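Undergrad: Please find one structure pasted underneath; my questions will follow.
The values are calculated or read from the model by the stated rules, or taken from the named source; none is laboratory data. Nothing here was measured: the structure is a model prediction, and the numbers come from that model. Here the Cβ positions follow ideal geometry from the backbone for every residue, glycine too, while neighbour counts run over all protein chains shown. In case anyone asks, the SASA skips ligands and DNA or RNA and just uses the protein heavy atoms, side chains included. Shrake-Rupley method; radii C 1.70, N 1.55, O 1.52, S 1.80 Å.
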Amino acid sequence: MRAARQVRRTDIAFPYRVDRRGRTAHARYDAHVRDLIEQLLFTGPGERVRRPDFGCGLLDLVFTPNSPELASAVELSVQAALQRWLGELIEVESLDVVSEENVVRVSLQYVVRATASRRDEVFEGRGAK
């Protein structure tokens, strides 16, 4: 692994909001990368006008019956989407997707390439009750 580079860049925060100064809120680079992952995971294919193939559509799985085959297929499609859309920004170390009742939970361990920081995040999406 390369030595960590100092990245002090900030990017627009997600979800979009205004900060206490009345300006567009910003996020540190590692937080911004996390936000990008969250957007990818919970955006359904077809939601983005100019990128209809962007997203994983995990929230569509909330009410789908669980099976080992489905879990494997979902993990593979999430891994492929992360590689395709964010492969230049992150290196995925481990991924686990679990769907229980009305919640989809993604446990992801990854390295942010620009900073070489190792992250362990859990993303949750809830379906309507």
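Undergrad: Only one of (1) farther than 23 Å from V97 by Cα; (2) modelled with pLDDT of 90 or more; (3) basic (K, R); (4) surrounded by 10 or more Cβ atoms within 10 Å (Cβ to Cβ) is not met by R28, so which one is it?
TA: Going through the list (1) farther than 23 Å from V97 by Cα; (2) modelled with pLDDT of 90 or more; (3) basic (K, R); (4) surrounded by 10 or more Cβ atoms within 10 Å (Cβ to Cβ), R28 breaks only (2).
Undergrad: Of these, V104, V98, V111, which one is part of a strand (DSSP E or B), open to solvent by less than 60 Å² (accessible area, probe 1.4 Å), of a type outside the set (S, T, N, Q) and in contact with a Gly (Cβ under 9 Å, 6 or more places away or on another chain)?
TA: V104
Undergrad: Sort out which residues of the range 42-69 are of a type in the set (A, V, I, L, M) and touching a residue at least 24 places away in the same chain (Cβ under 8 Å), and write them in order of number.
TA: L58, L59, L61, V62
Undergrad: Filter the range 43-85 down to the residues that are among the acidic types (D, E) and in a loop (DSSP other than H, G, I, E, B), then identify the one that is farthest from R126 (Cα to Cα).
TA: Per the criteria, the residue is D53.
Undergrad: Kindly evaluate L41 against the criterion of being surrounded by 13 or more Cβ atoms within 10 Å (Cβ to Cβ), within 21 Å of R28 (Cβ to Cβ) and modelled with pLDDT under 95.
TA: When the stated conditions are applied, L41 passes them.
Undergrad: For the range 114-126, give me the residue count where each residue is out of contact with any strand residue (DSSP E or B) (no Cβ under 6 Å at 6 or more places or on another chain) and exposed (fewer than 15 other Cβ atoms within 10 Å of the Cβ).
TA: Of the residues in the range 114-126, 2 are out of contact with any strand residue (DSSP E or B) (no Cβ under 6 Å at 6 or more places or on another chain) and exposed (fewer than 15 other Cβ atoms within 10 Å of the Cβ).
Undergrad: Since V74 meets every condition but one in (1) modelled with pLDDT of 90 or more; (2) open to solvent by less than 50 Å² (accessible area, probe 1.4 Å), which condition does it not meet?
TA: (1)
Undergrad: Same structure, new question: For the range 23-59, give me each residue that is touching a strand residue (DSSP E or B) at 6+ places or on another chain (Cβ under 9 Å) and of a type in the set (D, E, K, R).
TA: Once the filter is applied, which keeps residues that are touching a strand residue (DSSP E or B) at 6+ places or on another chain (Cβ under 9 Å) and of a type in the set (D, E, K, R), the range 23-59 yields R28, D30, R34, D35, E38.
Undergrad: I've got another one for you. So in the range 84-104, with the set limited to residues that are more than 11 Å from the chain's Cα centre (by Cα), closer than 17 Å to G44 by Cα and of a type outside the set (A, V, I, L, M), which one is modelled with the highest pLDDT?
TA: Among those residues, the one meeting the criterion is R84.
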